[in-house]
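The values are calculated or read from the model by the stated rules, or taken from the named source; none is laboratory data. Everything quoted here is computed from the prediction, not taken from an experiment. Please note: Cβ atoms are built from the backbone with ideal geometry, for glycine as well, and neighbour counts cover all protein chains shown. These accessible areas exclude ligands, DNA and RNA; they are computed on the full protein's heavy atoms, side chains included. Shrake-Rupley method; radii C 1.70, N 1.55, O 1.52, S 1.80 Å.
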Amino acid sequence: MDSGKKTFSNKRKEKIDKTKPPLTSMDSAKRPTHQTLTKAVVSSGSSSSSLSSSFKYAPYTSEAMESLLAELFASASSIKAAYAQLQLAQTPYDPTSIQSADLAVITELRHVSYLKRAFLNRSLQLSSPLQSQIHEQQSLLKTYEITSKKLQSDIDQKDSELISLQSELSHLNIKCRELEMKAYPNKTLASLDGLHLSGLNPMHFLCALRFAVKSVKDFVRLLVEHMKVSGWDLDAAAKAVHIGTPLKISAHRSIYFESYVCNIMFSDFHKKDFNLEFLQDRERRESSKFFDEFIALKSLNIKELLQGSEEKFTNGFKVFLRAKYLSMVKSRMELSFFGDLHQRNRIKSCHEFPNSDWFMGFAEMARRVWMLYCLFYSFGLETKASIFHVRRGTRFSEVYMENVMAEENGVAGKVPAYRDKVVGFTVVPGFQVGMTLIQARVYLSGID
């Protein structure tokens, strides 16, 4: 009985052994690694008899195997490059490129198939490993170039979307301002009526900033009128403001003058005392005091301020007004405009202010900037507020800057790609109030 079991067991074992795959066949679920294959080939000298019984061809040398692997890696890189080209040609659809990439993939797959057949048939003829490595690097370089094109295409698409959104935002801002002027024709700061310190937020500061910038534009128009009447060369005057940024067309002169005015009016804005000797006590002033001053000044017109009806809130402004006027309106300028220095002398005397249209225009602009300053320092320590300018030559950034020509043209500027442009000069400084960033308005170099 035991011998019968052994006979049956031996027969079953022989049957199982016959079903085992030969040494040359590879299980698809457990493919040998590159190191295993290399070791098997390199060690062929020590086990030539066993290999010859399994392989029906003479084993390859290690040099031949190195060439084969280099050729396979080169083919894989070529397939990857061709497939990348095939993906790139899908969007936008390019049938010629698709056909070319498809043919390249098929060609490389056929080459890999040839290597397999030649390897098994002992007819393998390979180039040197160095040539294969060169071919592999060329394919990798082509893949990187295709990837770079794809990324550049994505960037261009995002830029196009950004310009479209900026244009839409510009139109919406213009409509918003038109509606605001219709609703409040003589009082653009009406949205700040009834404001309390507890409800103060960055949007209120943005409203006051627009109010101040509008006053700068109004004064620049008054300045240009006096220049024309006095026979000034406006182009030469504009070029003198920013010597490093050439004036391309005369229509941009007012932008240069706006920059000149803002540069002086916002100078030392980051200091509570404006770097003025008679305002040093403001360094210790609390935010609530600045807010009280803002509320008081908002209800007074310029004549009431100059008459000093409320000394508590007007003395600081008068110091600011005198300092900024004497800094901006030089003696030669005033002498050219009016033929004398009477207004300048009256301002320096600290006794009274002129009542001329010229000085009242300047004083109204100074009042709005001073109110903006009071509101700026009304934000407490928990809401950090800061001001920044952009240096000439800085690469344009849509995050921190706004192209001043966008408003002039009614669209997002005529520059096709802002990232390739640099700043010529800052027109209006930028601000950050808490987490809200208010872009600096800049003039870009090279705008036609």
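Data overview
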read-out	value
Alpha carbon Rg of the range 189-312, scaled by the compact-globule rule 2.2 N^0.38 Å	1.32
Karplus (6.51, -1.76, 1.60) ³J(HN,Hα), θ = phi - 60°, over the range 365-370, in Hz, Gly and Pro reported as x	5, 4, 4, 5, 5, 5
FRET efficiency, 1/(1 + (r/R0)^6) with R0 45 Å, evaluated for residue 97 and residue 228 via beta carbons	0.15
Positive-end extreme of charge dipole, the range 216-292 - chosen from 279, 237, 226 (charges on Cβ)	237
Kirkwood hydrodynamic radius (C-alpha pairs) into Stokes-Einstein, the range 100-253, 37 °C and 0.692 mPa s, D in µm²/s	137
Within the range 127-278: Cβ-based charge dipole about Cα centre, in debye rounded to nearest 20 (Lys, Arg +1; Asp, Glu -1)	300
Accessible surface ranking that places the most exposed of 400, 114 first, with a 1.4 angstrom probe	400, 114
Surface accessible to a 1.4 Å probe, residue 397 within the full protein complex, Å²	30
Amide H contacts of residue 438 (H built 1.01 Å from N, under 5 Å, at least 5 apart or other chain)	431, 432, 433
Mean Cβ count within 10 Å, highest first, over the residues of peptides 64-70, 297-303	64-70, 297-303
Debye log10 I(q)/I(0) for the range 268-408, one point scatterer per Cα, at q = 0.15, 0.18 Å⁻¹	-0.89, -1.11
Residue-normalised accessible area of the range 261-326, expressed per residue, 1.4 Å probe, Å²	50
Per residue solvent-accessible surface (Å²) - the range 116-155, probe of 1.4 Å	77
Euclidean distance between Cα centres, the range 304-354 to the range 92-119, Å	82
Listed pairs 271/348; 228/298; 116/149; 271/318 exceeding 29 Å between Cα atoms	228/298; 116/149
